[in-house]
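The values are calculated or read from the model by the stated rules, or taken from the named source; none is laboratory data. Since this is a predicted model, take the numbers as computed values, not measurements. Because the Cβ atoms are built from the backbone with ideal geometry, glycine has one as well, and the counts that use them run over all protein chains shown.
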Amino acid sequence: AQLANQIAAGEVVERPASVVKELVENCLDAGASRVDVEIERGGSKRILVRDNGLGIAREELALALSRHATSKVASLEDLESILSFGFRGEALASISSVSRLTLTSKTQEQPEAWQAYAEGQEMAVKVQPAAHPVGTTVLAEDLFFNTPARRRFLRADKTEFNHIDEQLRRIALAKPAIHFTLSHNGKLVRQYRAARTDKQHQQRLGAICSHRFAEAAVTLSTGNEQLQLHGCLAIGDGHQGFSEVQYFYVNGRVVRDRLVNHALRQALEMHGQSSDAGYVLHLDLPPQEVDVNVHPAKHEVRFHQARYVHDFILQGLSDAVSQLAGSEMPDIDV
Ligand code: ADP
Ligand code: MG
């Protein structure tokens, strides 16, 4: 079981940022309205994720850590041959197999909190009383301490932290109602406050993507009963561009897809605008209209009606670009 977990960990736990992604997604699944992420030394020393969600009941704590015990694979040599495995439901088990993991949680119904602890080789899980408000804290320490080959693949702390920062940015852009904080080595680095009003959304966008982007961007929102597109777009001024801000979400998941960049290039060309544009775009469509690659590390999609989706996005972007181009005209005339 331990070996299988370590193999699964290779898929789910590529680096500290992938641990953060899995843990934060669990917080969202638990209905949290606040998520705090504390990192030490780029995540190699310590990754702590705390939420105020539903919590995990005492009798499910150990299960959450040690589930999916399987002995399908006899040795680490077989690792290469099972890369097509499905690893859903194995994040915590995987992370606990390559770190020192502590899970502390309290549900609304329970009078007190409980803590479960699992360490590397021995999957024996100990459960003891603890102090914790309603919600869950997952602490993963000494990542890859028992898989030296993987530990050697970790980059400089700053590089790993930048990946974590980017991971949280992606999630925060998709979940404006959730308050996120991120700290590194005891210092608060990011604070994304929950946003409800337009002004709060603007401030949050600035905090996540840069205030320069938030100020330059126009919002767009368009749709029919099948497709909805909303988000914002900014065009560079010739000196400074925004190509570092390019986020495309399909049904709430970040994806990499050439379609949106193609549509953007076309929209910009149509209006004779600079190609240095940045965007945060959310596309929503019926799930049966899109295939999402199941590989946890990839973020690819295939639209069944790619042409139609492309033209729909092009229309939305073109309107936004003409709005931006139009609003720039008075400045040029003066
Ligand atoms: P999955 O999310 O795919 O079910 P995980 O290994 O990520 O698998 O989590 C295992 C289980 O532990 C979850 O199904 C959930 O019941 C519980 N869990 C994990 N993290 C949290 C959390 N932050 N809050 C509440 N429950 C959690
Ligand atoms: Mg999960």
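Looking only at the stretch 155-168, which residues are in contact with a helix residue (DSSP H, G or I) (Cβ under 6 Å, 6 or more places away or on another chain) and farther than 16 Å from LEU23 by Cβ?
First, pick out the residues of the stretch 155-168 that are in contact with a helix residue (DSSP H, G or I) (Cβ under 6 Å, 6 or more places away or on another chain): 157, 160-161, 163-164, 167.
Result: ASP157, single match.
Read through the list (1) closer than 26 Å to LEU324 by Cβ; (2) buried (at least 18 other Cβ atoms within 10 Å of the Cβ); (3) not aromatic (Phe, Trp, Tyr), then give the number of the only condition that HIS184 fails.
(1)
When you look at ARG212, is it buried (at least 20 other Cβ atoms within 10 Å of the Cβ) and of a type in the set (Lys, Arg), yes or no? Let's see the steps before the verdict.
Details: buried (at least 20 other Cβ atoms within 10 Å of the Cβ): no; of a type in the set (Lys, Arg): yes.
It is false that ARG212 is buried (at least 20 other Cβ atoms within 10 Å of the Cβ) and of a type in the set (Lys, Arg).
Yes or no, residue by residue, for (1) over 14 Å from SER318 (Cα atoms); (2) modelled with pLDDT of 95 or more; (3) touching a Lys or Arg at 6+ places or on another chain (Cβ under 9 Å); (4) aliphatic (A, V, I, L, M):
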| position | (1), (2), (3), (4) |
| --- | --- |
| LEU229 | no, yes, no, yes |
| ASP237 | yes, no, no, no |
| GLY241 | yes, no, no, no |
| VAL245 | yes, yes, no, yes |
| PHE248 | yes, yes, yes, no |
| ASN251 | yes, no, no, no |
| ARG256 | yes, no, yes, no |
| ASN261 | no, no, no, no |
| GLN266 | no, yes, no, no |
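Evaluate the following for ALA172: is it modelled with pLDDT under 95 and in the same structural domain as GLY42 (by TED's automatic domain parsing)? Can you show your working first?
On the way: modelled with pLDDT under 95: no; in the same structural domain as GLY42 (by TED's automatic domain parsing): yes.
For ALA172, the condition - modelled with pLDDT under 95 and in the same structural domain as GLY42 (by TED's automatic domain parsing) - is not met.
If you check TYR279 against the conditions, is it within 30 Å of GLU90 (Cα to Cα) and of a type in the set (Phe, Trp, Tyr)? So that I can check it myself, show each step before the final result.
Details: within 30 Å of GLU90 (Cα to Cα): no; of a type in the set (Phe, Trp, Tyr): yes.
Against the criterion (within 30 Å of GLU90 (Cα to Cα) and of a type in the set (Phe, Trp, Tyr)), TYR279 does not qualify.
Return yes when HIS282 is outside the structural domain of GLN167 (by TED's automatic domain parsing), under 30 Å from VAL12 (Cβ atoms) and modelled with pLDDT of 95 or more and no when it is not. Spell out the reasoning first.
Values: outside the structural domain of GLN167 (by TED's automatic domain parsing): yes; under 30 Å from VAL12 (Cβ atoms): yes; modelled with pLDDT of 95 or more: yes.
Here the answer is yes, as HIS282 does meet what is asked.
Yes or no: ARG50 modelled with pLDDT of 85 or more and more than 12 Å from ligand 1 (Cβ to nearest atom)?
Values: modelled with pLDDT of 85 or more: yes; more than 12 Å from ligand 1 (Cβ to nearest atom): no.
Criteria not met by ARG50.
Of these, PRO133, PRO129, which one is over 15 Å from ALA62 (Cβ atoms) and assigned by TED's automatic domain parsing to the domain that holds VAL20? Please lay out each step first, then the result.
On the way: PRO129 fails: over 15 Å from ALA62 (Cβ atoms).
Exactly one residue qualifies, and that residue is PRO133.
State the number of residues belonging to the stretch 230-256 that are part of a loop (DSSP other than H, G, I, E, B) and out of contact with any Phe, Trp or Tyr (no Cβ under 9 Å at 6 or more places or on another chain).
Going through the stretch 230-256, the residues part of a loop (DSSP other than H, G, I, E, B) turn out to be 236-245, 251-252, 255.
If we keep only those that are out of contact with any Phe, Trp or Tyr (no Cβ under 9 Å at 6 or more places or on another chain) too, we end up with 237-241, 243, 251-252.
Number of matching residues: 8.
Any residue that is among the acidic types (Asp, Glu), more than 9 Å from ligand 1 (Cβ to nearest atom), under 17 Å from the mean Cα position of the chain (by Cα) and at pLDDT below 95 - is there at least one of those in the stretch 15-38?
We begin by selecting, within the stretch 15-38, every residue among the acidic types (Asp, Glu); these are 22, 25, 29, 36, 38.
Filter once more, so that each one left must be more than 9 Å from ligand 1 (Cβ to nearest atom): 36, 38.
In the following step, the residues that additionally are under 17 Å from the mean Cα position of the chain (by Cα) were identified as 36, 38.
Filter once more, keeping what is at pLDDT below 95: none.
Scanning the stretch 15-38 turns up no residue that is among the acidic types (Asp, Glu), more than 9 Å from ligand 1 (Cβ to nearest atom), under 17 Å from the mean Cα position of the chain (by Cα) and at pLDDT below 95.
Run LYS126 past the list (1) within 22 Å of the chain's Cα centre (by Cα); (2) outside any loop (DSSP other than H, G, I, E, B); (3) free of Cβ contacts under 8 Å to residues at least 40 places away in the same chain and report the number of the one that doesn't hold.
Against the list (1) within 22 Å of the chain's Cα centre (by Cα); (2) outside any loop (DSSP other than H, G, I, E, B); (3) free of Cβ contacts under 8 Å to residues at least 40 places away in the same chain, LYS126 comes up short only on (1).
Only one residue in GLY316, GLY278, GLY272 is farther than 18 Å from GLN226 by Cβ, among the small types (Gly, Ala, Ser) and either touching a strand residue (DSSP E or B) at 6+ places or on another chain (Cβ under 6 Å) or not in a loop (DSSP other than H, G, I, E, B) (or both), so which one is that? Lay out the reasoning, then the answer.
Values: GLY316 fails: farther than 18 Å from GLN226 by Cβ; GLY272 fails: either touching a strand residue (DSSP E or B) at 6+ places or on another chain (Cβ under 6 Å) or not in a loop (DSSP other than H, G, I, E, B) (or both).
Unique residue meeting the criteria: GLY278.
Mind counting the residues in the stretch 223-234 that are in contact with a strand residue (DSSP E or B) (Cβ under 8 Å, 6 or more places away or on another chain) and over 12 Å from GLN323 (Cβ atoms)?
Residues that pass the stated criteria total 6.
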